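Encoded as structure tokens, the structure appears first; notes follow it.
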Amino acid sequence: MGFMSTRPLEIAQLVFRYPNAGAPAVDRLEMTVEPGEIVGLLGPNGAGKTTTLQAVLGLLQPASGTVRVFGHSPLSDRTHVLPRINFASVDVDLPSNLAARECLRIVAGLYGVRDAARQIDALIAQFELGSLQRHLVGSLSAGEHMRLKLCKALLTSPELLILDEPTLNLDPYMAQKVRELLKSIQRQRGMSILHTSHNMQEVETFCDRIVFLHHGKKLAEGTPRDILARFQSHSLDELFIRVAVSGELFQVR
Amino acid sequence: MSQSFRRISAIFQRYVLLHRRSLIRAFDICFWPVMDLLIWGFVTMYLQQLAGGSAAQVIVFLIGALISWDIHYRGQQAVTISLMEEIWTRNIVNMLIAPIRLWEWIAASFLYATLKVGLVTLILCVLAKTLYAFEIVRVGWTFVPLAASLLLFGWAIGLLTAGLLLKFGYAAEALIWGIPFLLQPFSCVFYPVESLPHWAQRMARCLPSTYAFEALRASLRGGTVEWSVWGWIVGLNVSYFALGLGCLIWCFQDARAAGRLSRLGQE
Ligand SMILES: Nc1ncnc2c1ncn2[C@@H]1O[C@H](COP(=O)(O)OP(=O)(O)OP(=O)(O)O)[C@@H](O)[C@H]1O
Ligand SMILES: [Mg+2]
């Protein structure tokens, strides 16, 4: 108990292989997220980032290895895990045929959010969705929809927030605003965040630690500064391209 | 328990809101049953004219059967459509990662199915009375448990077809819409079980709906329903319910092992 059970995420020797796929999508992955930490999961397209997030959410049955969220299995112990986490992704939508605010109200009901109306008001204001709250979700632009998904994920006050490319559809102003909002909420609540992104500038400034994946395997791990120093690179962008081209992170020294 | 109630009512609201938003959908609930009733009602009126007084009972049996079959059919559809709705709108992952239990989702979709079925049945009964002078009260109080058993059988098949949807995705759509039509001829909706050939009789006796429709006809004739018939109805319904639930759970676990849950409907 103690430390083990309070750690938001602990992944050990995780392997997952899609049926009819040759190589595993996630291959003996080891990683953790510590309390209050923001961890970025990086890697080229098809590296296994989304697959890893799904395993954390209990949407996958791993071939082997374990996932522990606050010390519990997201598969066999859903009732202990799910109320403490939430998720927003470019690939997962809110029901297009409900109004924006209705969606949030229903989510509040599903999670038993206290004082829901006030919380919803606050989030809608923070994410600048006030004028759109009675619009159908299906009529929102991609970026507006993404902001609504973030409201949904934050509404339940998760202790571990899981985000799959949350800023992909946001304009630069909104992306910046969302990062600041997430940071400030994260500091206030001590929330942990695990997220994926292809925006390397964002990752450098936003993440406490990054985990670099390639072909389902962990290539490197550390603070953005550490990794840049270790691999003698000026930017994560450059490092990323090096990985994508050569498939490895050789030390230049 | 109160938390379960809160979650169930949130899921239920999510389905009901769909109809408040869309008139077309609300209309769709009653459109087909009403059309069925019109066609079959007029056909039987015509048959009655041809046959003279000797066929006076035909319309009563037909309309009673039609309304009752609809209870089963709409029950099945409502359960499966509530899962399909989540897949269509790409909201399924949000539901799967919400702290709701399987039985809570099932309870909410049953509640939704009951509301839909209740509404349609009411409309059909009113129409049948106005157009064909058919009164459902002629069945007597037996109609309540009979309707309930048909609804339960609909739920059971609905769980089964929801499972098929998880397993095969949209490829299973033909099965989802087709299974009720596969069951209908063997459920002896419009004719007594003895009128079937032997092999078909054997299949018919494996379906709770067969016993329900036999009981319905007996009641319409003014007879009583034997306790053994109720026994078959309850026993078979419980078995099919277990089968449907088992199928749904198995297909869910299969989809989770294959990493298909987040991509349902996108294949
Ligand atoms: N349902 C599936 N069936 C078969 N293979 C799949 C399935 N989903 C993903 N894959 C494969 O698994 C690998 C990992 O996919 P994943 O979605 O985890 O990548 P990712 O790191 O999130 O990539 P991206 O940056 O493009 O989002 C890819 O090679 C992909 O083709
Ligand atoms: Mg991805």
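Are there any helices (runs of 4 or more DSSP H) wholly within region B:186-267 with 3 or more residues that are surrounded by 21 or more Cβ atoms within 10 Å (Cβ to Cβ), and if so which?
B:208-220, B:227-257
Residues that are under 29 Å from A:Thr79 (Cβ atoms), more than 14 Å from chain B (Cβ to nearest Cβ), within 16 Å of ligand 1 (Cβ to nearest atom) and in contact (Cβ under 8 Å) with a residue 40 or more places away in the chain: does region A:166-177 have at least one?
yes
More than 14 Å from chain B (Cβ to nearest Cβ) and within 16 Å of ligand 1 (Cβ to nearest atom): which single residue out of A:Ser197, A:Ser131 fits that description?
After ruling out the rest, the residue left standing is A:Ser197.
Kindly state which strands (runs of 3 or more DSSP E) lie completely within region A:29-114 and contain at least 1 residues that are modelled with pLDDT under 95.
Output list reads A:38-42.
Tally the residues that are away from chain B (no Cβ under 12 Å) and among the aliphatic types (A, V, I, L, M), restricting the search to region A:64-88.
1
Just one of the numbered conditions (1) among the charged types (D, E, K, R); (2) within 16 Å of ligand 2 (Cβ to nearest atom); (3) within 16 Å of A:Glu159 (Cα to Cα) is not true of A:Glu34; which one?
Result: A:Glu34 fails condition (2) only.
Please enumerate the residues belonging to region A:6-29 that are touching a strand residue (DSSP E or B) at 6+ places or on another chain (Cβ under 8 Å) and either within 11 Å of ligand 1 (Cβ to nearest atom) or closer than 26 Å to A:Leu182 by Cβ (or both).
Scanning region A:6-29 gives A:Arg7, A:Pro8, A:Leu9, A:Glu10, A:Ile11, A:Leu14, A:Phe16, A:Pro24, A:Ala25, A:Val26, A:Asp27, A:Leu29.
Only one of (1) within 21 Å of the chain's Cα centre (by Cα); (2) surrounded by 16 or more Cβ atoms within 10 Å (Cβ to Cβ); (3) among the small types (Gly, Ala, Ser) fails for B:Ala10. Which number is that?
(1)
Out of A:Ser139, A:Ser157, report the one residue that is more than 16 Å from ligand 1 (Cβ to nearest atom), closer than 28 Å to A:Gly58 by Cβ, polar (S, T, N, Q) and within 14 Å of chain B (Cβ to nearest Cβ).
It is A:Ser157.
Restricting to region A:45-100, count the residues that are within 15 Å of B:Ser262 (Cβ to Cβ), touching a Phe, Trp or Tyr at 6+ places or on another chain (Cβ under 7 Å) and more than 16 Å from ligand 2 (Cβ to nearest atom).
1
Taking the condition of being more than 10 Å from every other protein chain (Cβ to nearest Cβ) and under 20 Å from A:Leu104 (Cα atoms), how many residues in region B:20-53 meet it?
Result for region B:20-53: 0.
Return a yes/no flag: does region A:112-125 have any residue that is more than 25 Å from A:Phe206 (Cα to Cα), within 12 Å of another protein chain (Cβ to nearest Cβ) and either in contact (Cβ under 8 Å) with a residue 40 or more places away in the chain or not small (Gly, Ala, Ser) (or both).
yes
The values are calculated or read from the model by the stated rules, or taken from the named source; none is laboratory data. Model, not experiment: these values are computed from the prediction. With ideal geometry, Cβ positions are generated from the backbone for all residues, glycine too; neighbour counts draw on all protein chains shown.
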